[in-house]
Amino acid sequence: MDAANTFLNELNEKQKEAVLYLKSPLLVLAGAGSGKTRVLTYKIFYLLKNGLSNPENIFAVTFTNKAADEMKERVEKLLGFPVKNMMIGTFHSMCVRIIKRFRWERMKSPDFSIYDVDDSKSVIRNILKEKKIHDLEPKGICRIISSLKNRMIFPEDLDSEDDTFKRIKEVYVLYQETLKRNDAYDFDDLLIETIRIFNENEIFRKKFSERIKYILVDEYQDTNYAQFLILKSIYDGKNHITVVGDDDQSIYGFRGAQIKNILEFEEHFPETKIVKLEQNYRSTRNILNIANRVIKNNLKRKEKVLWSSFDDGENIRIVKCKDERDEAIFVVDKIIEMKNRQGKRLKDFAILYRTNAQSRPFEEILRKNNIRYTLIGNIKFFERKEIKDLLSYLSFTVNRNDEISLKRIINFPKRGIGDVTLKSITLFAKAKDLSVWECLKNFEENFPEKKRVKNGVKEVVDIIENIEKNRDNVYNALEFLVDSIDFENLFDKMLKDEKYSRLENIQELLNSAKEFVLKNEDRSISAYLDMISLYTDIDDYKDDDSLLLMTVHNAKGLEFENVFVTGLEDGLFPHRNSFEEDSNCEEERRLLYVALTRAKKNLFLTYTVERFYYQESSFRIPSRFLKEIGFENRIVDYFDRTKSLSTKKYDFEKKRESDKGKFKINERVVHPIFGEGIIKGKKGSGEDEILIIQFLNGDVKKIFAEYANLTRK
DNA sequence: TGGATATCTTTTTTT
DNA sequence: AAGATATCCA
Ligand SMILES: Nc1ncnc2c1ncn2[C@@H]1O[C@H](COP(=O)(O)OP(=O)(O)OP(=O)(O)O)[C@@H](O)[C@H]1O
């Protein structure tokens, strides 16, 4: 081995093979923690180090922006100098760059708006109102349109005679027209527009694909059809493509990701070589065993070998808790104990859950115990109302066609400009074929009769024009904006806490802009807006030794020494919405596989007996996945804060024949019509004995024990 | 007309 | 419990 390439010692044989292979398309298909990401990182390093490529010839796609930042940092560390001009990021951020470049070449302003789901919903809401459609929900339409776009299905491709479908098509058409008029793209459009540009401008595509000599893609199992097409456009047979992934970790089907991309990779990229990595470097054997035991219940998957050279390690602990509060107390107690006794740091722990709503009790108990934590997801910082309102000023300043942003700011803070005024301005603009902005600027001439709102409009116009002056420095622009709004007064009627927290958020926004201005060469408003529309919580959490709370989805690709997977109950994890379709249930199982394989050393699985779910207390049944883990033979701890920690064996086995006839409270039963349920109570006796049973769908029914033909689960 | 108040619904996962 | 929407009042 050549001296420059001693780094290869940090890879196993298979990994080396994958790093060095450049002859034809390469697929690295391997289980969790087998070093797939490491292969990509070292491959980039190898290409740069050996002069096989310049940074600008590399196109590396990661699943999150954070992963991209970390990969770049790692490569720079290995090289010993910074890397400039490499295309590395998520599909969405790469698309923004491609679209900007194209618009720039065509002398079109590169400053378009990027709409998040909220913005899309309000566009749809306006359309529905205008068209007087009352029986369709913005949220549902949004989801349908997005799922169509993910599959590259356009309005003209819809030719169903079904009435609802026809109306959806109508809304879809209007939605796209509105976005076009506002010069805005939603997340799906970023991908679609890139494909369109490539398809319709062969010279541009060719130039780009000749520039890109190496295409590298991480987490390939979670790419959608549009993303596949983008890769196909860039790959021209002369450049190289490496994709890595694990079909067992595909968890974004709901967003259009298709496992078939990875399963059928060979069919689309000629002479594909496949490398399988089989050694796991992350977890103990006990953890891997449990993960393998769960995932092997999926029927549609590629069987993989995955072994660890580590010891068995600690036992996996399954803990039954009285309710969600106890669950939180148990987890937090455990963390405190491990921190104090074993000197572990907070950042070695992660609490994972299926839904964002589950974070509440954990937060409460953590705050009570003064433990620093970082909550990822849920209400994202930049989506808070007060923040979005401020940002809309910036958006509108750089893109005067963005009517959604205008709508947000025209009456924020309250200036007495309501729906009616806005409507008449919009209509006026349409009639005179002017932009809304033009009408606002000449408001007094255009609407001499509207004396009452005159000053308000002038105020907005002034603010926008002043922001415009600071276009090249987002911090100055924001500082001006914040100064010109009297927040103290605005938040006056709020509760102290709420007011304080909002003011804090605004300060936080200023800090973020300041940081951006200090760190980046391009300090412009538009550069900042692009960054925040594509960056999410997970991309930006500070490395400040705090405990992490997040959904399993957000934990993808990460690893922690100690992991708590919580809320392992039927209906929650797997989520009840997945029960109908087998494929969804398989995705839930993959989600659990991802959760379990995040742990390096200690893994705790918790579930509750009773949980508040939608303002109602409901009795819970342990997750079906726990059975697959084989937990009937395992020690289950029962945690009840009133009784402290006690241990007993949980019996999942079917009861013996002799037990027949007598059902006990909390026993799980199957009803021939209503399905599986749990016995909550009993009334009467003998023939008249009535059982109160809560079924899986949440219904509680009174059933005659004698006649119902119940069987034990 | 806009702002405040009362009523109604809604809860998976996210770039 | 919180958010969005509908209704009412000044
Ligand atoms: N050859 C190796 N020697 C030592 N440690 C390694 C090696 N390869 C990978 N690792 C370590 O194993 C862990 C998992 O690696 P990595 O994140 O690259 O795996 P992955 O396959 O991408 O995981 P996932 O499927 O969960 O995304 C990391 O901590 C990494 O540093």
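Scanning the stretch A:174-185 for residues that are under 27 Å from the mean Cα position of the chain (by Cα) and surrounded by 15 or more Cβ atoms within 10 Å (Cβ to Cβ), we see that the one that is nearest to A:Leu406 (Cα to Cα) is A:Asn182.
Taking A:Ala60, is it within 16 Å of DNA strand B (Cβ to nearest atom) and either in contact with a strand residue (DSSP E or B) (Cβ under 9 Å, 6 or more places away or on another chain) or open to solvent by less than 10 Å² (accessible area, probe 1.4 Å) (or both)? For A:Ala60, the condition - within 16 Å of DNA strand B (Cβ to nearest atom) and either in contact with a strand residue (DSSP E or B) (Cβ under 9 Å, 6 or more places away or on another chain) or open to solvent by less than 10 Å² (accessible area, probe 1.4 Å) (or both) - is met.
Just a yes or no: is a residue in the stretch A:596-611 within 16 Å of the ligand (Cβ to nearest atom) and part of a helix (DSSP H, G or I)? Yes, the stretch A:596-611 contains at least one residue that is within 16 Å of the ligand (Cβ to nearest atom) and part of a helix (DSSP H, G or I).
If you check A:Lys388, A:Lys407, A:Lys344, A:Lys368 for being in the same structural domain as A:Leu478 (by the TED database) and among the basic types (Lys, Arg), only one passes: A:Lys407. Based on what the data block shows, is A:Glu561 within 12 Å of DNA strand B (Cβ to nearest atom), of a type in the set (Asp, Glu) and open to solvent by 10 Å² or more (accessible area, probe 1.4 Å)? Answer is no for this residue. Comparison of A:Ser147, A:Ser160 shows that the only residue that is more than 15 Å from DNA strand C (Cβ to nearest atom), over 17 Å from A:Ile192 (Cα atoms) and either open to solvent by less than 60 Å² (accessible area, probe 1.4 Å) or touching a residue at least 40 places away in the same chain (Cβ under 8 Å) (or both) is A:Ser160. Taken over the stretch A:551-582, the criterion of being in contact with a Ser or Thr (Cβ under 8 Å, 6 or more places away or on another chain), closer than 15 Å to A:Leu596 by Cα and part of a strand (DSSP E or B) is satisfied by A:Thr551, A:Phe564, A:Val565. Screening A:Ser533 with (1) closer than 25 Å to A:Lys347 by Cβ; (2) outside the structural domain of A:Asp472 (by the TED database) gives one miss only, at (1).
Reported count of residues in the stretch A:591-632, each being under 19 Å from A:Glu561 (Cα atoms), away from DNA strand B (no atom under 16 Å from the Cβ) and among the β-branched types (Val, Ile, Thr), is 2. Taking residues in the stretch A:238-250 that are touching a residue at least 40 places away in the same chain (Cβ under 8 Å) and among the hydrophobic types (A, V, I, L, M, F, W, C), and partners anywhere that are away from DNA strand B (no atom under 16 Å from the Cβ) and open to solvent by 10 Å² or more (accessible area, probe 1.4 Å), the pairs with Cβ atoms closer than 7 Å and at least 6 places apart or on different chains are A:Ile241/A:Tyr235; A:Val244/A:Lys36. Here the strands (runs of 3 or more DSSP E) wholly within the stretch A:138-246 that include at least 1 residues being in contact with a Lys or Arg (Cβ under 7 Å, 6 or more places away or on another chain) are A:214-217, A:240-245. The single condition from (1) loosely packed, with under 14 Cβ neighbours inside 10 Å; (2) more than 26 Å from A:Asp486 (Cβ to Cβ) that A:Phe428 fails is (1).
With respect to A:Pro55, determine if the residue is touching a residue at least 24 places away in the same chain (Cβ under 8 Å), away from DNA strand C (no atom under 16 Å from the Cβ) and either open to solvent by less than 60 Å² (accessible area, probe 1.4 Å) or not charged (D, E, K, R) (or both).
Numbers: touching a residue at least 24 places away in the same chain (Cβ under 8 Å): yes; away from DNA strand C (no atom under 16 Å from the Cβ): yes; either open to solvent by less than 60 Å² (accessible area, probe 1.4 Å) or not charged (D, E, K, R) (or both): yes.
Yes, satisfied.
Screening A:Gly256 with (1) outside the structural domain of A:Asp637 (by the TED database); (2) more than 16 Å from the ligand (Cβ to nearest atom); (3) open to solvent by 60 Å² or more (accessible area, probe 1.4 Å) gives one miss only, at (3).
Could you tell me whether the stretch A:262-269 includes any residue that is part of a loop (DSSP other than H, G, I, E, B), touching a helix residue (DSSP H, G or I) at 6+ places or on another chain (Cβ under 8 Å) and open to solvent by less than 60 Å² (accessible area, probe 1.4 Å)?
Within the stretch A:262-269, the first condition is being part of a loop (DSSP other than H, G, I, E, B), and the residues that meet it are A:264, A:269.
Add one more test, that the residue is touching a helix residue (DSSP H, G or I) at 6+ places or on another chain (Cβ under 8 Å), and what stays is none.
Looking for residues that are part of a loop (DSSP other than H, G, I, E, B), touching a helix residue (DSSP H, G or I) at 6+ places or on another chain (Cβ under 8 Å) and open to solvent by less than 60 Å² (accessible area, probe 1.4 Å), one finds none in the stretch A:262-269, hence no.
Restricting attention to the stretch A:594-628, the residues being closer than 29 Å to A:Val669 by Cβ and among the β-branched types (Val, Ile, Thr) number 4.
Taking the stretch A:65-114, which residues are crowded, with 21+ Cβ neighbours inside 10 Å and on the phi > 0 side of the Ramachandran plot? Correct list: A:Gly89 only. On inspection, A:Met550 fails the criterion of being of a type in the set (A, V, I, L, M), more than 16 Å from DNA strand C (Cβ to nearest atom) and outside the structural domain of A:Glu337 (by the TED database).
Checking each residue in the stretch A:191-210 for being surrounded by 15 or more Cβ atoms within 10 Å (Cβ to Cβ) and closer than 30 Å to A:Ala18 by Cβ picks out A:Leu191, A:Thr194, A:Ile195, A:Phe198, A:Arg205, A:Phe208, A:Ser209.
Among the residues of the stretch A:122-132, which ones are over 27 Å from the mean Cα position of the chain (by Cα) and within 12 Å of DNA strand C (Cβ to nearest atom)? A:Leu128, A:Lys129, A:Lys132, listed by residue number.
When the residues of the stretch A:612-626 are filtered to those that are closer than 12 Å to A:Gln694 by Cβ and open to solvent by 40 Å² or more (accessible area, probe 1.4 Å), the one that is nearest to the ligand (Cβ to nearest atom) is A:Phe619. Taken over the stretch A:406-423, the criterion of being open to solvent by 20 Å² or more (accessible area, probe 1.4 Å) and in a helix (DSSP H, G or I) is satisfied by A:Lys407, A:Arg408, A:Asp419, A:Val420, A:Leu422, A:Lys423. Of the numbered criteria (1) over 21 Å from the mean Cα position of the chain (by Cα); (2) at pLDDT 90 or above; (3) within 23 Å of A:Ile212 (Cβ to Cβ), the one A:Lys84 fails is (2). Being within 15 Å of DNA strand C (Cβ to nearest atom) and modelled with pLDDT of 85 or more is a property that A:Asp119 has. Exactly one residue among A:Glu581, A:Glu588 is touching a Pro at 6+ places or on another chain (Cβ under 7 Å) and either open to solvent by less than 20 Å² (accessible area, probe 1.4 Å) or closer than 30 Å to A:Asp189 by Cα (or both), and that residue is A:Glu588.
Results for (1) more than 10 Å from DNA strand B (Cβ to nearest atom); (2) touching a residue at least 60 places away in the same chain (Cβ under 8 Å), shown as yes or no for each residue.
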position: A:Ile365; (1), (2): yes, no
position: A:Glu386; (1), (2): yes, yes
position: A:Val398; (1), (2): yes, yes
position: A:Ser405; (1), (2): yes, yes
position: A:Pro413; (1), (2): no, yes
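Condition check: open to solvent by less than 20 Å² (accessible area, probe 1.4 Å) and away from the ligand (no atom under 16 Å from the Cβ). Does A:Val117 satisfy that? When the stated conditions are applied, A:Val117 does not pass them.
The values are calculated or read from the model by the stated rules, or taken from the named source; none is laboratory data. These figures come from a predicted structure and were not determined experimentally. Positions of Cβ are generated from backbone atoms using ideal geometry, with glycine treated the same way; all protein chains shown enter the neighbour counts. For the accessible areas, the whole protein counts, side chains as well, though only heavy atoms, and no ligand, DNA or RNA atoms are used. Shrake-Rupley method; radii C 1.70, N 1.55, O 1.52, S 1.80 Å.
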